[in-house]
Amino acid sequence: MEFKLKTGLATKYSFILALTFVSIVGCKNEPMSGTTDKKESVTPVKIPRFNQDSAYAFIEKQLSFGYRVPGTEASYKCKDWIVNKMKSYGADVEEQDFKASFLGKTDVDATNIIAQFKPSNKKRVLLCAHYDSRLVAEKDADESIQNDPIPGADDGASGTAALIEIGRILQENPIDLGVDIVFFDAEDQGDNDGAQDTWCLGSQYWTNNPHKRKYNAEFGILLDMIAAEGAVFHKEGYSYQYARDYTDKIWKLAQAMGFGDLFQNRVIGGITDDHFYINTVLGIPTVDIINTAGMSSGKTFGDYHHTHADDINIINKRNLRIVGQIVTAVVYKTYDRSFKKIR
């Protein structure tokens with residue numbers, strides 16, 4: 001995507017350079033230990049392995065339903081599959097229905113999915129992604145198919161697949177930590193030339209109508225476009241503005257785990273994504289892990305973004321595993337309190 005200067009806030013699909021940040025010099029840290037203060041002593045836990053093949057199969061399953069545009073049969077089937085999958089992993093699952101209007105369509109049925117592990121635990125972490133795929137492929141080089149939906153293998157299915165796999169891990173390796181996994185609908189249906197709030201409709205609805213009164217979590221992580229070939233993850237501007245400490249810790253952990261080639265210390269402009277509303281409406285510091293490899297060529301996202309090339313062939317299993325493994329490590333290190341010790 002090309003940079004587009006606009007008044008107002010930056011969107012996921014058009015950047016604004018109003019935010020200025022100082023670049024951070026990367027460093028190689030030693031792996032973080034699970035040592036904690038004596039008064040908070042918790043036995044360090046072994047970080048479970050994130051299964052890339054399982055997560056990849058979850059991407060394939062979503063694509064098998066077709067284009068997951070809100071209000072379509074494919075979307076309903078995908079929603080039901082996610083709900084049943086998370087229930088099978090022991091989560092308490094709620095479906096939050098709402099009406100969405102986008103790209104000339106009005107009052108379309110849409111549904112957010114909230115999967116809760118250890119719902120009574122007051123200490124909570126929020127993980128989220130969107131599961132819808134875009135109605136149009138406005139960036140496709142072939143103008144004859146620009147009005148057709150995209151597969152959304154990376155933009156939608158990859159983050160969802162990683163979170164489903166983490167749900168499986170939580171069932172097999174239970175910990176005394178509340179984890180909420182939210183799958184947003186109608187995130188990717190905005191107008192490139194329209195207002196910021198045409199994007200992220202599901203998260204806008206959920207943050208104004210959370211599933212629990214006065215809902216809160218210690219922090220959140222949003223996964224968006226995490227598994228494409230050539231992915232690079234920079235420190236996104238709103239994450240750095242609202243959740244700088246958590247952003248730095250995640251990137252340092254990733255680098256300590258040997259993944260500094262993907263998690264680079266460059267701070268970029270803000271992107272309107274679901275985390276923006278979680279940060280600004282609910283006040284939960286939330287980090288966006290989003291592929292911005294296009295920055296190296298004067299764009300923002302990869303060439304496949306919002307084209308029909310966003311299919312299973314763009315998915316790189318290593319990148320899927322790396323991001324999933326890092327988020328898994330964050331969750332389990334939050335439980336044993338070693339995550340907050342990262343400096």
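The values are calculated or read from the model by the stated rules, or taken from the named source; none is laboratory data. Quick caveat: nothing in here was measured; it's all calculated off a predicted structure. Cβ: placed from backbone, ideal geometry, glycine included. Neighbour counts: every protein chain shown.
Would you mind stating whether Gly270 is of a type in the set (Gly, Ala, Ser), under 26 Å from Asp132 (Cα atoms) and either in a loop (DSSP other than H, G, I, E, B) or in contact (Cβ under 8 Å) with a residue 40 or more places away in the chain (or both)? So Gly270 passes the test. Taking Asp132, is it among the acidic types (Asp, Glu) and touching a Cys at 6+ places or on another chain (Cβ under 9 Å)? Yes: the conditions hold for Asp132. Could you say whether any residue in the range 311-323 is touching a Pro at 6+ places or on another chain (Cβ under 6 Å), closer than 26 Å to Gln62 by Cα and not hydrophobic (A, V, I, L, M, F, W, C)? Yes. Of all residues assigned to the range 121-137, none qualifies as being among the charged types (D, E, K, R), surrounded by 24 or more Cβ atoms within 10 Å (Cβ to Cβ), at negative phi and out of contact with any helix residue (DSSP H, G or I) (no Cβ under 8 Å at 6 or more places or on another chain). Just one of the listed residues (Arg321, Arg343) is surrounded by 20 or more Cβ atoms within 10 Å (Cβ to Cβ), basic (Lys, Arg) and touching a helix residue (DSSP H, G or I) at 6+ places or on another chain (Cβ under 9 Å), and it is Arg321. If I filter the range 147-179 down to residues being among the charged types (D, E, K, R) and crowded, with 24+ Cβ neighbours inside 10 Å, which single residue comes out as nearest to Ala129 (Cα to Cα)? Among residues in the range 147-179 that are among the charged types (D, E, K, R) and crowded, with 24+ Cβ neighbours inside 10 Å, the one nearest to Ala129 (Cα to Cα) is Asp155. Among the residues of the range 290-318, those that are farther than 19 Å from Ser239 by Cβ and either assigned to a helix (DSSP H, G or I) or of a type in the set (Phe, Trp, Tyr) (or both) comprise Ser296, Ser297, Tyr304, Ile312, Asn313, Ile314, Lys317, Arg318. Residues being in contact with an Asp or Glu (Cβ under 9 Å, 6 or more places away or on another chain), closer than 26 Å to Gly202 by Cα and among the aromatic types (Phe, Trp, Tyr) are represented in the range 302-320 by at least one member. Is it true that Val287 is part of a strand (DSSP E or B), over 24 Å from Ile150 (Cβ atoms) and not small (Gly, Ala, Ser)? When the stated conditions are applied, Val287 passes them. In summary, Leu103 fulfils each of the numbered conditions (1) surrounded by fewer than 19 Cβ atoms within 10 Å (Cβ to Cβ); (2) over 30 Å from Ser54 (Cα atoms); (3) touching a strand residue (DSSP E or B) at 6+ places or on another chain (Cβ under 7 Å); (4) in contact (Cβ under 8 Å) with a residue 40 or more places away in the chain with the single exception of condition (3). Scanning the range 250-290 for residues that are among the polar types (S, T, N, Q), over 13 Å from Ile322 (Cα atoms) and modelled with pLDDT of 95 or more yields Gln264, Asn265, Asn279, Thr280, Thr286. Residues in the range 180-232 that are of a type in the set (A, V, I, L, M), surrounded by fewer than 23 Cβ atoms within 10 Å (Cβ to Cβ) and more than 16 Å from Ser158 (Cβ to Cβ): Ala195, Ala217. Every condition in (1) over 15 Å from Asn319 (Cβ atoms); (2) buried (at least 20 other Cβ atoms within 10 Å of the Cβ) holds for Ala256 except the one numbered (2). For the range 50-71, a residue qualifies if it is over 24 Å from Asp97 (Cβ atoms) and charged (D, E, K, R), and the qualifying residues are Asp53, Glu60. Quick one: would you say Val331 is under 30 Å from Pro151 (Cα atoms) and either of a type outside the set (Lys, Arg) or in a loop (DSSP other than H, G, I, E, B) (or both)? Judged against the criteria, Val331 is a match. Counting the residues of the range 134-155 that are in a helix (DSSP H, G or I) and among the basic types (Lys, Arg) gives 0. The listed residues are Arg134, Arg168, and the only one of them that is under 18 Å from Pro48 (Cα atoms) and of a type outside the set (Val, Ile, Thr) turns out to be Arg168. For the residues Ala217, Ala243, Ala228, Ala195, the requirement of being touching a Lys or Arg at 6+ places or on another chain (Cβ under 6 Å), of a type outside the set (Lys, Arg) and either farther than 27 Å from Ala55 by Cβ or modelled with pLDDT of 95 or more (or both) singles out Ala217.
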